[in-house]
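The values are calculated or read from the model by the stated rules, or taken from the named source; none is laboratory data. Treat the numbers as computed from the prediction; the structure is a model and nothing was measured. Here the Cβ is made from the backbone with ideal geometry for all residues, glycine too, and neighbour counts use every protein chain on show. These area figures cover heavy atoms from the full protein model, side chains too; ligands, DNA and RNA do not enter into them. Shrake-Rupley method; radii C 1.70, N 1.55, O 1.52, S 1.80 Å.
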Amino acid sequence: MISTIKENAQKILRELPEGVELVAAAKQRKPEEIMEAIEAGIKIVGQNYIGEARTLYKTIGKRAKWHFIGISKTVKHDLLRRNVLQMFDMIETIDSEGIASELDGRCAQINKIMPILIEINSGREPQKSGVMPDNVEELLARISSLQNIKVMGLMTMGPRFGDPEESRPYFIETRKIFDNIKTCNLFNAEMKYLSMGMTNSYKIAIEEGANMVRIGTKLFGERK
Ligand SMILES: *Cc1c(COP(=O)(O)O)cnc(C)c1O
């Protein structure tokens, strides 16, 4: 028998250690599916695409918090270009000074201070998004004077593997960066959230210090 979204959500929430926040990764899901998750206790919805986010926001509105988790360059620019920043409570995937300062400017226009996470390319894969581990501190220094964004932590995807155990070193590396920045007490950068782990890897991510996990498939079922 196939379990319902409600059952999945309740099970995941019951099993998550205290202090770990669940982001429902909701790409390609219908409003009623997301409402079912919210009714079961999901508080944060993650959105990759602006069009989908707009549609969902119309029906769901402030019944959840909205995190932008889009990783492609195009979609990040889409986020800035279109008038949607008002709906988001956090942008998890900032990975360059350019994007950060553009976001800052847009947020200034709408009088908003946007919490952000820095996306780390923990696999050091040149074709992928995220700032390289060695460049994180420099990026933080460069964006520290921006008044309308507030760095709240780090996010990573990590390389994709069949065996989630292979993700562990990338989570460990990201955690090290997180702890390191924490001890530096940088201006305008609070290391509160460490967002890593998805359906196949979140348990390992939590063992390695994640306090925010982004889960889609295990909650909503396989995507088409
Ligand atoms: C889709 C997505 C997830 C969740 O993936 P699942 O494997 O379905 O749990 C997490 N993070 C990001 C950025 C995603 O796009």
Can you return the lysines within cross-link range of residue 176? Criterion is Cα-Cα under 25 Å, with same-chain partners fewer than 8 residues away left out. 128, 150, 192, 203
May I ask you to give the solvent-accessible area per residue for region 82-140, in square angstrom, as obtained with a 1.4 angstrom probe? 42
Residue 128 accessible area, 1.4 Å probe, all protein chains in place, Å² to nearest 10: 80
For residue 119, enumerate residues with amide H under 5 Å from its amide H, sequence gap 5+ or separate chain, H modeled in the peptide plane. 94, 95, 131, 155
May I ask for the equivalent-ellipsoid semi-axes of the chain, computed as the square root of five times each C-alpha gyration tensor eigenvalue and listed largest first in whole Å? 26, 22, 15
Using Stokes-Einstein with the Kirkwood hydrodynamic radius over Cα pairs, what translational diffusion coefficient do you get for region 1-134 at 25 °C and a viscosity of 0.890 mPa s, in µm²/s rounded to a whole number? 154
Taking H as built 1.01 Å from N, whose amide H comes closer than 5 Å to the amide H of residue 114, not counting residues under 5 places away? 149, 150
Accessible area in the full protein assembly, largest first, 1.4 Å probe, for 49, 193: 49, 193
Solvent-accessible area per residue, Å², over region 1-77 with all protein chains present [probe radius 1.4 Å]: 55
Probe radius 1.4 Å, ligands and nucleic acids left out: which of 176, 65, 218 has the largest accessible area, and how do the rest follow? 176, 65, 218
Let me check I've understood the local charge: for residue 65, count other residues with C-beta under 11 angstrom from its C-beta, Lys and Arg +1, Asp and Glu -1. What total comes out? +1
Only helical DSSP H runs with n ≥ 4 go in: add -39500 (n - 2.57) per run for the chain, normalise by residue count and round the 222 nm mean residue ellipticity to 500 deg cm²/dmol. -11500 deg cm²/dmol
Dipole magnitude of region 80-128, debye to nearest 20 (Cβ charges: Lys/Arg +1, Asp/Glu -1, about Cα centre): 200
Using a 1.4 Å probe over the heavy atoms of the protein chains, calculate the carbon and sulfur portion of the accessible area of region 1-112 as a whole percent. 51
